[in-house]
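In what follows, a single structure is set out as structure tokens and then discussed.
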Amino acid sequence: QLQLVESGGGLVQPGGSLRLSCAASEVTLDYYSTAWFRQAPGKEREGVSYISRYSDVINYADSVKGRFTISRDGAKRTTYLQMNNLKPEDTAIYYCAARPSWTSNTNAWTEVHSYPHWGQGTQVTVSS
């Protein structure tokens, strides 16, 4: 089955940048849409960004528009989240998730329950 592993988190100052990576275990990632979610202490898990199978559909949470960029590299079976101009409120555990591409027909990209595959999470801390 598909496995996802996140990496790239860490501690960064406000205004800094990080690039998160989500590596998939097999080539079948090409049949999936992927997304990044995050969860801060005491808060609900929220959708950060989404990218469709062929990268033709991309979505961002309003809070990260203009600062974050999601992308996919099919050859490397990897989804990336480039995070620029980071803010303290971006501090959270970031999770990569994947779902079959057709799922979008019946589920919004922000619906946590629609993603059957999840990575273990990577911590992002933005602080001076």
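A few notes on this one:
- Scope the range 77-100; condition small (Gly, Ala, Ser) and touching an Asp or Glu at 6+ places or on another chain (Cβ under 9 Å); matching residues: ALA92
- Pairs meeting the criteria (first residue in the range 1-24 and free of Cβ contacts under 8 Å to residues at least 60 places away in the same chain and closer than 10 Å to CYS96 by Cα, second residue open to solvent by 40 Å² or more (accessible area, probe 1.4 Å) and part of a loop (DSSP other than H, G, I, E, B), beta carbons under 7 Å, at least 6 apart or on different chains) are ALA23/ARG77.
- Looking only at residues in the range 87-125 that are open to solvent by 40 Å² or more (accessible area, probe 1.4 Å) and in a helix (DSSP H, G or I), the one that is farthest from TYR32 (Cα to Cα) is PRO88.
- Residue list for the range 56-65, restricted to those being open to solvent by 60 Å² or more (accessible area, probe 1.4 Å) and in a strand (DSSP E or B): ILE58
- Residue within the range 72-86 that is within 20 Å of GLU44 (Cβ to Cβ) and loosely packed, with under 14 Cβ neighbours inside 10 Å present: no
- All of VAL112, VAL126 fail the test of being more than 14 Å from the chain's Cα centre (by Cα) and at pLDDT 95 or above, apart from VAL126.
- Residues of the range 81-128 classified as closer than 23 Å to VAL12 by Cα and not small (Gly, Ala, Ser), total: 21
- For the range 25-55, a residue qualifies if it is touching a residue at least 40 places away in the same chain (Cβ under 8 Å), open to solvent by less than 40 Å² (accessible area, probe 1.4 Å) and of a type in the set (Ser, Thr, Tyr), and the qualifying residues are TYR32, SER33, THR34, TYR50, SER52.
The values are calculated or read from the model by the stated rules, or taken from the named source; none is laboratory data. Because the structure is predicted, anything quoted here is derived from the model rather than measured. Every residue, glycine among them, receives a Cβ derived from its backbone with ideal geometry; neighbour counts consider all protein chains shown. Surface accessibility is based on the protein's heavy atoms, side chains included, excluding ligands, DNA and RNA. Shrake-Rupley method; radii C 1.70, N 1.55, O 1.52, S 1.80 Å.
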